[in-house]
Amino acid sequence: MVYETSKQLEIDSEPLLEKVYGEDKVVEMFANTLEIVERAGPECTTSLKQLEIDIKPALEKVYGEDRVDEMFANILEIIERARSERAASLKMDDLTRDCSWYKDEIMYTFYADQFGVKNKNTTNTFKDLIEMLPYLKGLGVTTLYILPFMDSPMGDAGFDVRDPQKVREDLGGIAEFDQFMAEAKKYGFKIQADLVLNHFSDQHEWFQDALNGDVSKLDYFIFRKEPPKYERSQKGTIIKYFEEDGVPPSERRIVFADASEETHYRKVDIGGKDYYLYHTFYPFQLDINWENPEVLYYVLEKIIAFWSNKGIDIFRLDAIPFLIKEKGTNAENQPGTHCIIKILSSFNQAIGPRSIFHAEACEPPKEVLKYFSKERVFNIYGGENLTRTDGVQVAYNFPYMPAIWASLITGSNEYFWNVHEETPSIPESAAWAQFLRVHDELTVEMADTGTRKIIYDALLSKGKDFKGLGISGRMANFLDKNPAKIGLAFAILLSLPGIPVIYYGDEIGAENNTNYGEEAGNKRKEVLNKINTNFCSFDSRDINRGPILKSDFYSSEKDNVIHKTVKNLIEVRKGMSVLGRGKLSRLESDNKEIFSYLIDSDDQYVIVVNNLSGEKLETSLTLSNDLVEKIDKTTGMVNLIDRGKINVCLKCKKLIVSLEPYQTLWLN
């Protein structure tokens, strides 16, 4: 809807303004609104209506009908303040950036203090990181995912945020961060940062205020005044809480059972009275109360608006399925959580439509699909129309990851295809983030029992168990430090549609760092000891973290086979947009050890053939009629990876090719 006259805007706006601000302020508030609308043009009124459509129903479901108008008006005020503080260069980017820019990205993940250190006894600041930008540019990645860098006691590698508007002092503070951002933008990089919104550190000002006697601040967290009634499952990983008032029991998984008291609740004494605060993860990570409007306003203005105006391009929503803890549920994927995400996403698109949301939701595919929500076309501040989902725009593809590993381990393509067939289609404007390793464990939570056993039997001796949920360790260790196997893994990763995610050091064959795992455990113990000296502080995920020398990265440009392979694959992928934006379909092979598929779009196609075995193989691929017509029957095909001609035989709609051990062909 576009307002053709100010009278129509007055009819629509004045009742809301009177209800929120009072009759005596209506004229002044409407004049201010009209000035904003006239300054922004007709698109602004359209966006206000779109915001109303997106946000008001979500507000009603979480906060109740009687709060909707007041809360919506408050959100509009936060949007206006954020836009008024936004740099002109970002506003221009909001107008001119292609709405689906993220589909062409190649992401590189690293810890700011550990990536490219000068020596093993020092850590980086953001100023030091500037010296790593030429390396990253040379590698060819386009988005830099800097793992948590906000102010933190570092009990959980930065995912325990103390002050979300500060950068850790050991990283050089906000001044060095701004300097790094400016230099990174000169190189053309996009930046991804974490929004840790399920919990805050117990050093956050809200909890500290509560400890100092302001018990009203407890309403900013999930808490209870009486100890919970519960029972633990036989393995101790599921806790059943018995609720009151006829509500069914709440059965919830506990992740850090060895670093928690009996339940998800941490007992705290304030003024001689016991309170019980809920934590999904470590007990120093206290879950915040999203049903408190003040929590919502804080996140919108102090976190999302603040960092959007710093130029963050992608916000990764950490542990996003856990936001709302409805009684009688497992506290995951609740309708209220999706409402919160919709509010946050609509707000983000209103203040800075150049940026997007990326969900970390380790859940079944049908549940992850809900985080994208619905696709719609809208226009915020002029420029081209944007087609975006009103939830997240990107989500990690957790089911694909263990399926690929199972196929690599067994040499059988069926593990991947079994999962692929169960993966629903996502909205056209959305994208999967494809990965093989990240900073966490190689999780098997989304794998079936048989696949879990395959992965554990093959990889546990090469890494360390993470609480029965997966195996921690580096890609190189899992693949026997074999450059050919590692190259194959990267070739699969970089040929799948979506956004490939590379974890720092994997491209040079970095190995497990058990010494760092012990050091990080000792540091975590300092945080845990303030709560309970008996808690286990070792976290196996730390072995796939830790410092890697700057010299190791730069020297790899000269003589590291893995680096050379990855760099070349990235370069080829960037020259074929279909690899990021196309559709994946299976090409049947006569050999289970051949993992083959077609990536195609309206104007491009690539046939991908992966030899999962250590043997030289010849294979016959079944092609569709349309694909047969596209292939030159006489001159052969080109392997895009090395630009070499491939002798192929096309008979009876079958493509016959030969592959060396662990070889990949990208045919066109």
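Among the residues of the stretch 186-234, those that are farther than 23 Å from Tyr298 by Cβ and either surrounded by 15 or more Cβ atoms within 10 Å (Cβ to Cβ) or among the polar types (S, T, N, Q) (or both) comprise Phe189, Lys190, Pro228, Tyr230, Ser233, Gln234.
If you filter the stretch 135-147 down to residues that are more than 16 Å from Val117 (Cβ to Cβ) and of a type outside the set (Val, Ile, Thr), you find that the one that is surrounded by the most Cβ atoms within 10 Å (Cβ to Cβ) is Leu144.
Counting only residues that are closer than 27 Å to Met181 by Cβ and not in a loop (DSSP other than H, G, I, E, B), the stretch 314-342 holds 7 of them. The set of residues from the stretch 626-668 being basic (Lys, Arg) and either under 30 Å from Ile486 (Cβ atoms) or touching a residue at least 40 places away in the same chain (Cβ under 8 Å) (or both) comprises Arg643, Lys645.
The number of residues in the stretch 235-259 being over 21 Å from Leu528 (Cα atoms), under 29 Å from the mean Cα position of the chain (by Cα) and loosely packed, with under 14 Cβ neighbours inside 10 Å comes to 0.
I'd like the full set of residues that are assigned to a strand (DSSP E or B) and among the acidic types (Asp, Glu), limited to the stretch 226-264. Give the steps one after another, and end with the answer.
At the first step, the residues of the stretch 226-264 found to be assigned to a strand (DSSP E or B) are 230-232, 238-241, 250-253.
Glu231, Glu251, listed by residue number.
Residue count for the stretch 481-522 satisfying the condition of being within 27 Å of Leu665 (Cα to Cα), aliphatic (A, V, I, L, M) and either free of Cβ contacts under 8 Å to residues at least 12 places away in the same chain or assigned to a helix (DSSP H, G or I) (or both): 8.
The lone criterion from (1) within 30 Å of Tyr662 (Cβ to Cβ); (2) buried (at least 19 other Cβ atoms within 10 Å of the Cβ); (3) under 26 Å from the mean Cα position of the chain (by Cα); (4) of a type in the set (A, V, I, L, M, F, W, C) left unmet by Ala520 is number (1).
Note on the stretch 367-418: residues that are under 16 Å from the mean Cα position of the chain (by Cα) and not in a loop (DSSP other than H, G, I, E, B) amount to 12.
Annotation: of all residues in the stretch 651-668 being part of a loop (DSSP other than H, G, I, E, B) and in contact with a helix residue (DSSP H, G or I) (Cβ under 7 Å, 6 or more places away or on another chain), the one that is surrounded by the fewest Cβ atoms within 10 Å (Cβ to Cβ) is Lys653.
Regarding Ser556, is this residue assigned by TED's automatic domain parsing to the domain that holds Ile492, of a type in the set (Gly, Ala, Ser), more than 29 Å from Asp160 (Cα to Cα) and in contact (Cβ under 8 Å) with a residue 12 or more places away in the chain? Here the answer is yes, as Ser556 does meet what is asked.
A quick yes/no check of all residues on (1) of a type in the set (S, T, N, Q); (2) more than 36 Å from the chain's Cα centre (by Cα); (3) on the phi > 0 side of the Ramachandran plot:
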| residue | (1), (2), (3) |
| --- | --- |
| Thr619 | yes, yes, no |
| Leu640 | no, no, no |
| Leu650 | no, yes, no |
| Pro661 | no, no, no |
| Leu665 | no, no, no |
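Within the stretch 460-476, track down each residue that is surrounded by fewer than 20 Cβ atoms within 10 Å (Cβ to Cβ) and either in the same structural domain as Glu360 (by TED's automatic domain parsing) or outside any strand (DSSP E or B) (or both). Answer for the stretch 460-476, where residues must be surrounded by fewer than 20 Cβ atoms within 10 Å (Cβ to Cβ) and either in the same structural domain as Glu360 (by TED's automatic domain parsing) or outside any strand (DSSP E or B) (or both): Leu460, Ser461, Lys462, Lys467, Gly468, Leu469.
Reported count of residues in the stretch 606-659, each being under 25 Å from Gly580 (Cα atoms) and charged (D, E, K, R), is 7.
Picking from residues in the stretch 114-149 that are assigned to a loop (DSSP other than H, G, I, E, B) and β-branched (Val, Ile, Thr), the one that is farthest from Lys190 (Cα to Cα) is Thr122.
The values are calculated or read from the model by the stated rules, or taken from the named source; none is laboratory data. The shown structure was predicted, so the numbers you read here are calculated from the model rather than taken from an experiment. Counting neighbours? That spans all protein chains shown, and the Cβs are built from the backbone with ideal geometry, glycine included.
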